[in-house]
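Reading through the structure tokens given below for one structure.
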Amino acid sequence: MSHCCLGVADWRGSRGQRGSLCLSQYGPGNVPKTAGGTREGRAGVSFLKIDRPAYLHYEVARQLFYVTACSGVEINCDKLKAIFSHCPRCHLRLGLVGTANWYFIMASASTPKYNSHSLESSSIRRMSRDGYHQDHDSDIPSLPGETRVTDKDVTYMCPFNGPIKGRIYITNYRLYFRGEETDPVVLDVPLGVILRIEKMGGVSSKGENSYGLDITCKDMRNLRFALKQEGHSRRDIFEILTKYAFPLSHGLLLFAFQNEEKYSENGWTVYEPMSEYRRQGLPSLKWRITFANDNYELCDTYPSLLVVPYNTNEEDLRRVAVFRSRNRIPVLSWIHPENQSVIMRCSQPLVGMSGKRNREDEKYLDIIRDANGKTAKLTIFDARPSVNAVANKATGGGYESDDAYPNAELCFLDIHNIHVMRESLKKLKDIVYPNVEESHWLSSLESTHWLEHIKLVLTGAIQVADKVSSGKSSVLVHCSDGWDRTAQLTSLAMLMLDSYYRTLIGFEVLVQKEWISFGHKFSSRIGHGDKNHADADRSPIFLQFIDCVWQMAKQFPTAFEFNELFLITILDHLYSCRFGTFLYNCEAVREKENVRGKTSSLWSLINSDKTKYSNPFYTKEFNRVLYPVASMRHLELWVNYYIRWNPRIRQQQPNPVEQRYLELLALRDDYVKKLDDLQITNSLKMNNSSNSPTSPSQIMPHVQTPF
């Protein structure tokens, strides 16, 4: 029987044989054979037989996959791509990436031993998403604006599978390692994640794999690479890696300013202060919007637009500012839509050892209390332990005393400072990476005090929310400087009180407002591009906040529009320096560096594919206050974040219940669409027969759907 030759591609067997593979359409049967009648075959030409021309590309692709998986045949992709690249069926069925080669796609049938890289770019088999394209020469992912700097043969000292030989690639954005095996181990680490780089061993070190680099990361993992000892082989790679992992320490730009990604959504427009305050019903008869900080002269770490009591003027605000640490005066964060109670935020008063007072500050707090009109006292929540608040007097700080503020009630929340939190996270990392010790797990976890700190933050936020909602009292929240524990408490309380912030966009607004615009020191706490890993300002304050959000979502699985991946993606890019969202310490510096004009927003990435970050169980509610249970019995360690790099602990992905629910939702939508089509068809038939006599059989009521 004659046949039509569609194209010829080169192939190579696992024992070094070479030949040609002819793709043809003829005859019955769909089992591929080589020229020699065996799976590996001999040099020459072999034919693939296709039964159904209508499904030509899919059948050929399926057979190529079959013969490759069975025999280890490697097929050169250049000619195949010319035949199949235009076919949507192949693209959909096999996930064909324009620049990926066929052998790589076919080899993805088996499960890798261990892949350690971010969930957002969870495997090399999916690198085409989120702006990635594939580097054809080396099979490494690449972003627009990303450039290769160097590459080198190394041995990855995998804590789970032992030494793995492969090649490491360093770009201006990432460290990428790919093993030599057929089913390779892959590491994809944004350089911003790196906390510290140390040399391991010396030229005289004895023993295999004792000479190389030890890399500590900010996302709960460590990496170790061994190199050959001759010729100072690690010097160049150490210097290059240090230079690009810590660009600000070497006079270079952060990658966010080199990133050329484009998205369908503009994340910088998510938060507009005036729109958000209007959503809350502001300005009002009791509250006004002031531009006193328009040039950041009143407070250089506050946003330019602030909400303050109506019965105050700009001069009053300046007098209050001199008595508050860092000039961070009490300003409104949120107002209750019904009882008009407010959440205010600020920094500690500058009382000092001499017990100084400020009449303007005392009067200002009275005006805040009077604006509510339903309570005799203003509740002040001081996030610190009382001992720390007293100790801060020695450095010029302090707290609101009963004598100076008789119309205020002071409550200490016992949340520890940034240094305690940093040490707690270090202890947690020690017990979760690389190995989890099962025999003493509970006692080891308890010794880190991490969940205890999470409990205290949640408990404090619950008290704030309850006082505003049930107690109908306005509250003032502060810690020392008002940009760490204060942000945790106000944002979590607002999350409990306002269902808008539990939507995907609303949560982005919350983060932009309470954390980014109000001056949480992201640059100092995370250390973007800075090599000084021992800086005392480093602390996981924002990580704690996201952990608290996860705890709430765990207890209220239908109350949040976003899913766990959304939270993990935020944390991954908190460190990555791929976006400008979390760069620098305050709004004034971001404006000076033109972050909005020169970088992309993380929300652009997320909002361009909202479905991936959406919770299928979400049920929209209004005015429901969430009170999570903040007891140790109900709090859990976030395994999918803290222990995600351990393949033996990793939880099932995707969640089977969530996956099944998504399938049912899709099925429901399909039935609803069919029902709508039937109703439209029936309506047209009834209209056409409206002029003819109507019989009982022609009368059909509108079908109602429970969906």
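Descriptive notes on the structure:
- In order through region 208-221: 3J(HN,Hα) via Karplus (6.51 cos²θ - 1.76 cosθ + 1.60), integer Hz, x for Gly, Pro: 5, 6, 9, 10, x, 10, 10, 10, 9, 10, 7, 10, 6, 9
- Once backbone amide H atoms are built at 1.01 Å from N, Val351 has Gly398, Tyr399 as its partners under 5 Å, excluding neighbours fewer than 5 places away on the same chain.
- Applying 0.36 nm per residue to the separation of Lys262 and Ser204 and subtracting their alpha-carbon distance, the gain on full extension is 15.9 nm.
- Label-reachable residues, region 520-537, where backbone N falls under 17 Å from a point 7 Å from Val149's Cα toward its Cβ: 528-533
- Ranking Lys363, Lys286 from most to least accessible surface, computed with a 1.4 Å probe over the protein chains only, gives Lys363, Lys286.
- FRET efficiency for the Glu437 to Glu658 pair, using the beta carbon distance and R₀ = 35 Å, is estimated at 0.70.
- Cα gyration tensor category, rounded, prolate or oblate, for region 395-439 with a/c compared to 1.5: prolate
- Rounded to whole numbers, the Karplus 3J(HN,Hα) couplings from phi for region 374-389 are 10, 9, 7, 9, 8, 8, 9, 9, 9, 5, 7, x, 4, 4, 5, 5 Hz, using 6.51 cos²θ - 1.76 cosθ + 1.60 with θ = phi - 60°, and x at Gly and Pro.
- Spatially proximal lysines relative to Lys206 (Cα-Cα < 28 Å; intrachain offsets below 8 disregarded): Lys152, Lys165, Lys228
- Straight-line reach from Lys262: taking Cα to Cα under 16 Å and skipping same-chain neighbours fewer than 8 places apart, the aspartates and glutamates in range are Asp130, Glu146, Asp609.
- Cα-based reach from Lys685 at 26 Å (exclusive), listing lysines while leaving out same-chain residues under 8 positions away: Lys673, Lys674
- Extension gain for Leu253 to Glu452 (0.36 nm times residue separation, less C-alpha to C-alpha distance): 67.8 nm.
The values are calculated or read from the model by the stated rules, or taken from the named source; none is laboratory data. All figures in this text were calculated on a predicted structure; none of them were measured in a lab. Neighbour counts are summed over all protein chains in view; Cβ atoms, including those assigned to glycine, are modelled from backbone coordinates with ideal geometry. For accessibility, only protein heavy atoms count, side chains too; no ligands or nucleic acids. Shrake-Rupley method; radii C 1.70, N 1.55, O 1.52, S 1.80 Å.
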